[in-house]
Amino acid sequence: MPNILFAAAPDQWDDYAPHLRRALDQAGLKTARVGPDIPAADVDYIVYSPNSPVQDFSRFPRLKAVLSLWAGVETIVDNATLKVPLTRMADAGLREGMVEWVTGHVLRHHLGLDTYITDQSGTWRPDAPPLARHRTVAVLGLGELGAACARMLAALNFNVTGWSRSPKSLPEFACHHGAEGLDTCLASAEIAVLLLPDTPETENTLNTRTLALMPRGAVIVNPGRGTLIDDDALLAALDAGQIGHATLDVFRTEPLPKDHPYWAHPRVTVTPHIASETRPDTASELIAENIARAEADEPLRHVVDRNLGY
């Protein structure tokens, strides 16, 4: 049976230990050795988070795969010492949490709930919102999380369009790709949800030029990566009224500095990177499944393409 090193933040092992052991047992790996203290020479798999002290993978001569606990792998994908397959986290809990957060905030902006929550002045304003089928929502990024969010929004009858760097074909909504496709997608996007990976190609996807393509007063919802937005361009677009509101969960620097203009801007909602998180129970199930697949010489799920960076 394999030896599995748990290499993450020191306080995470206590949370993961019972779930990981249970999941390994259920996957037929009952006698697998797992924990944070496996000698390097004996390690077959590493359950990993990039904030782990482990950075040199050449120390593990038997290593077969590294299974990341994070959905984002931008801080590990270019590690020259990593010569084995790397998988990213795409467990059911992470997906469900993201779908719930995105759906909640899209509905919030679609229905104009802020107006009624923040203004109880006694002014009677019976302005009904349009139906969802009359509201176009663009989802930028059609990976595991983006596709799940787009499907849910389409199920709620929003007019959903999707965009990805490379071609995707999803039957529930129209898909666009490439530079021209991005412009087309943004041109009709009354609400844009950003769920792209953090790569050199996706940095500043929303910038002065692309923000200007959107319908005036459009809304940005970003639970993806802070680098997807040119912050100065977004602030200028908000001040000019080109963008009506931005709900932001991720930032270039986290925690977001207290003096950052986003905090005080009346058209910005800051949430502290809570859109979704890896949950020990569902994450452990995916990790155990992947190790069992590897031991059976079956393909791993959610393998990172090192050339694309995700």
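Reported count of residues in the range 108-130, each being in a helix (DSSP H, G or I) and under 14 Å from Ala218 (Cα atoms), is 4.
Number of residues in the range 26-77 that are at pLDDT 95 or above, surrounded by fewer than 19 Cβ atoms within 10 Å (Cβ to Cβ) and out of contact with any strand residue (DSSP E or B) (no Cβ under 9 Å at 6 or more places or on another chain) equals 8.
Being in contact (Cβ under 8 Å) with a residue 24 or more places away in the chain and either out of contact with any Cys (no Cβ under 6 Å at 6 or more places or on another chain) or loosely packed, with under 14 Cβ neighbours inside 10 Å (or both) narrows it down to one of Pro215, Pro255, Pro272, so name that one. Working first, answer last.
Working: Pro255 fails: in contact (Cβ under 8 Å) with a residue 24 or more places away in the chain; Pro272 fails: in contact (Cβ under 8 Å) with a residue 24 or more places away in the chain.
Answer to the check: Pro215.
Looking only at the range 173-203, which residues are closer than 25 Å to Asp78 by Cα, touching a helix residue (DSSP H, G or I) at 6+ places or on another chain (Cβ under 7 Å) and either at pLDDT below 95 or assigned to a loop (DSSP other than H, G, I, E, B) (or both)? Those that are closer than 25 Å to Asp78 by Cα, touching a helix residue (DSSP H, G or I) at 6+ places or on another chain (Cβ under 7 Å) and either at pLDDT below 95 or assigned to a loop (DSSP other than H, G, I, E, B) (or both): Leu195, Leu196, Asp198, Thr202, Glu203. Checking each residue in the range 275-307 for being part of a loop (DSSP other than H, G, I, E, B) and touching a residue at least 40 places away in the same chain (Cβ under 8 Å) picks out Ala275, Ser276, Glu277, Thr278, Arg279, Leu300, Arg301, His302, Val304, Arg306. For the range 204-220, a residue qualifies if it is within 24 Å of Glu277 (Cβ to Cβ) and assigned to a helix (DSSP H, G or I), but none of them does.
Within the range 221-243, identify whether any single residue is hydroxyl-bearing (Ser, Thr, Tyr) and not in a helix (DSSP H, G or I), and answer yes or no. Taking every residue of the range 221-243 in turn, none turns out to be hydroxyl-bearing (Ser, Thr, Tyr) and not in a helix (DSSP H, G or I).
Working carefully through the options Arg125, Arg133, find the one that is charged (D, E, K, R), free of Cβ contacts under 8 Å to residues at least 40 places away in the same chain and surrounded by 10 or more Cβ atoms within 10 Å (Cβ to Cβ). Selected residue: Arg133, the only one of Arg125, Arg133 that is charged (D, E, K, R), free of Cβ contacts under 8 Å to residues at least 40 places away in the same chain and surrounded by 10 or more Cβ atoms within 10 Å (Cβ to Cβ).
The values are calculated or read from the model by the stated rules, or taken from the named source; none is laboratory data. Since this is a predicted model, take the numbers as computed values, not measurements. Here the Cβ is made from the backbone with ideal geometry for all residues, glycine too, and neighbour counts use every protein chain on show.
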